[in-house]
Amino acid sequence: MFGLIKRYRELLLVAVLLLVPLGVFFAHAKRASERSRFDRAVVWLATPVEKVVAWGVTGFVRGWNGYVALRGSHERANALTGRVVALELERQQLLSARGEAERLQRLLSFAELSGERRYLGARVIGIRLGTVGRQLLTVDRGSDDGVAPMMPVVVAEGVVGRVHAVAGRTADVLVLTDLNSSIAVRVERTRARANVRGMGKPDLARLDYALRTEDVIEGDPLVTSGTDGVYPRGLPVGKVTQLDRRQHGLFQDARVVPAVDVTRLEEVLVLTSWERPAEIQPAAYAPVKGP
């Protein structure tokens, strides 16, 4: 008996698999009141099998669909990530190029409005701006380009400083906040004269030789007076702050916030030619001791 079952087990299994669904079909086809005990037994026995088979088939289909849908998703995700990074770099480059174009446009507009003055554009390639002491910028123009010591260096916002030392293809610029920098200025509102002297800090200078009797208030704009023979008149230098009108002495004490943030410069203009009054000659470079 067991030998026959073992011999024909495949056929018996196929028969059971065929008969069970058929029995379930006929059992379900009848009304509940018409089902015999055998029908109810078949339904009772087949229901768990049916649920297991349905769960297995559904899970297999979902898993297969998920595998097919996700096949290659990692490669696509990596490719998209690389594309996003490339686009972000391109966006940053475009923003940088747009910023440079805007700065150059301001410099060009400033140069075009300057009449007979002649300017030479230069890029900042070196920065030596300590918290205290020497304040220098290095630009990519030198004596081979016609740059000479004492030439003013400016941007559209105002004065940067003056050329200090020159090599063939580069030049060092002494910025207005250096301890050795002194610029003759006037208060634009009242025409009062004074000097702006560097303090060795990149964000602050001081106001020298402003007479105590002169009308000066905090926030007053300061421009070059043109009387030192280095800078043409009318260039923005900074604004008065921390004013101390002393009760005694000849002069007022104040600080000056520069019109130009020298720590953020990328392009500048070197003023190579401008009309000076005949009686005024460029002052020689003379180191000044600290305040």
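Report, in debye and to the nearest 20, how large the dipole of segment 120-291 comes out about its Cα centre when Lys and Arg carry +1 and Asp and Glu carry -1 on their Cβ. Intermediate results must be reported in sequence, preceding the final value.
Numbers: 22 positive and 21 negative charges, 82 e Å.
Here the size comes out at about 400 debye.
Can you give the extra length, in nm with one decimal, that the chain gains between D228 and E266 once fully stretched, where that is 0.36 nm per residue apart less the Cα-Cα distance? Each step should come with its number before you reach the end.
Numbers: separation 38, 0.36 × 38 = 13.68 nm, distance 2.69 nm.
Length gained, D228 through E266: 11.0 nm.
In order along segment 146-162, the phi-based Karplus estimate (6.51 cos²θ - 1.76 cosθ + 1.60, θ = phi - 60°) of 3J(HN,Hα) comes to x, 7, 9, x, 6, 6, x, 10, 9, 9, 4, 7, x, 6, 9, x, 9 Hz; Gly and Pro are listed as x.
Under 5 Å from the amide H of V160 lie the amide H atoms of V153, V154, V155, each residue being 5 or more positions distant or on a separate chain, with H modelled from the backbone and absent for Pro and chain starts.
Bear in mind these aren't lab numbers, they're just calculated from the coordinates by the rules spelled out. Just so it is clear, the structure is predicted and the values come from calculations on it, not from any experiment. Cβ: placed from backbone, ideal geometry, glycine included. Neighbour counts: every protein chain shown.
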